[in-house]
Each structure stands twice: as C-alpha cells, then as structure tokens.
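Asker: Have a look at this one before I ask anything.
The values are calculated or read from the model by the stated rules, or taken from the named source; none is laboratory data. Treat the numbers as computed from the prediction; the structure is a model and nothing was measured. Here the Cβ positions follow ideal geometry from the backbone for every residue, glycine too, while neighbour counts run over all protein chains shown.
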C-alpha cells in the first residue's frame, strides 16, 4: 500500500521518520508541504484520518501562531485551518498517511504503528 509523508526536509524529526519508512522498504510519496501546502479539503481529510482537531496539528510555538492571533481561546476551527493554508509552517510535522490511517511522526517511531503487522 502507498504511503504519503507531509515532509519538511529541514526538520530532523521529519527526516528521521522518512528514514524509518525507507529502512522498512517503503518509497513514500513525499509532499514538501512548505512549498506545496495542503488545501482546506486535504487538511480536513488529514484531521479525519488522524482523529484530531485542528489545534492538535498546529505548531503553537511557531512565531506565526501568535502573530496571526491564533493564541486566543475564541479562535475557530476554520480560522486555524485557514491559517495553516496561509502559513504551512504551522502544520505539525511530519504526517504520514497510509490508506485510511495517519500518524504524526513525533516521535518518528510513531510511524511504526502504520507499517508493522502488514
């Protein structure tokens, strides 16, 4: 089955996750999301596959998070999703998708849940 990784090559966790996949014989589709940000529909799909809410896939310590005013409790789901499309650096990384399942590779070993016991 195909795997997709939403990858930031500058991120050590993302590189380590990709290495784990490759070490297990996978050649995932690599989406460098900083240059190819996910659409709102793609984000909704990722959230569904992850079983998470938008705030759980946002890097809240990024400077852009506070600059965009996202650090307020009244920020809506749609505001968070729109912010990720505008500032893709806010997306937690890496995200690995396999079929109808996805995990965030923090720590990178999280990806093993997708690829073991096939």
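Asker: Only one of these conditions is not met by residue 31: (1) without any contact (Cβ under 8 Å) to a residue 40 or more places away in the chain; (2) farther than 12 Å from residue 94 by Cα. Which number is it?
Answerer: Every condition holds for residue 31 apart from (2).
Asker: Sort out which residues of segment 77-87 are assigned to a helix (DSSP H, G or I) and either touching a strand residue (DSSP E or B) at 6+ places or on another chain (Cβ under 7 Å) or farther than 11 Å from residue 54 by Cα (or both), and write them in order of number.
Answerer: Residues satisfying the conditions are 80, 84, 85, 86.
Asker: Does segment 59-71 hold any residues that are in a loop (DSSP other than H, G, I, E, B), within 21 Å of residue 6 (Cα to Cα) and in contact (Cβ under 8 Å) with a residue 12 or more places away in the chain, and which are they?
Answerer: Once the filter is applied, which keeps residues that are in a loop (DSSP other than H, G, I, E, B), within 21 Å of residue 6 (Cα to Cα) and in contact (Cβ under 8 Å) with a residue 12 or more places away in the chain, segment 59-71 yields 59, 62.
Asker: Could you check residue 105 against (1) touching a helix residue (DSSP H, G or I) at 6+ places or on another chain (Cβ under 6 Å); (2) at pLDDT below 95 and say which number it fails?
Answerer: (2)
Asker: Say we look at segment 20-31 and pick out the residues that are assigned to a helix (DSSP H, G or I) and out of contact with any helix residue (DSSP H, G or I) (no Cβ under 8 Å at 6 or more places or on another chain); which of these is farthest from residue 72 (Cα to Cα)?
Answerer: Among them, the one singled out is 23.
Asker: Looking at 44, 74, 56 in this structure, which one is part of a loop (DSSP other than H, G, I, E, B) and either surrounded by fewer than 17 Cβ atoms within 10 Å (Cβ to Cβ) or under 12 Å from the mean Cα position of the chain (by Cα) (or both)?
Answerer: So the residue among 44, 74, 56 that is part of a loop (DSSP other than H, G, I, E, B) and either surrounded by fewer than 17 Cβ atoms within 10 Å (Cβ to Cβ) or under 12 Å from the mean Cα position of the chain (by Cα) (or both) is 74.
Asker: Based on this model, can you work out whether residue 34 counts as assigned to a loop (DSSP other than H, G, I, E, B), modelled with pLDDT of 95 or more and surrounded by 17 or more Cβ atoms within 10 Å (Cβ to Cβ)?
Answerer: In short, yes.
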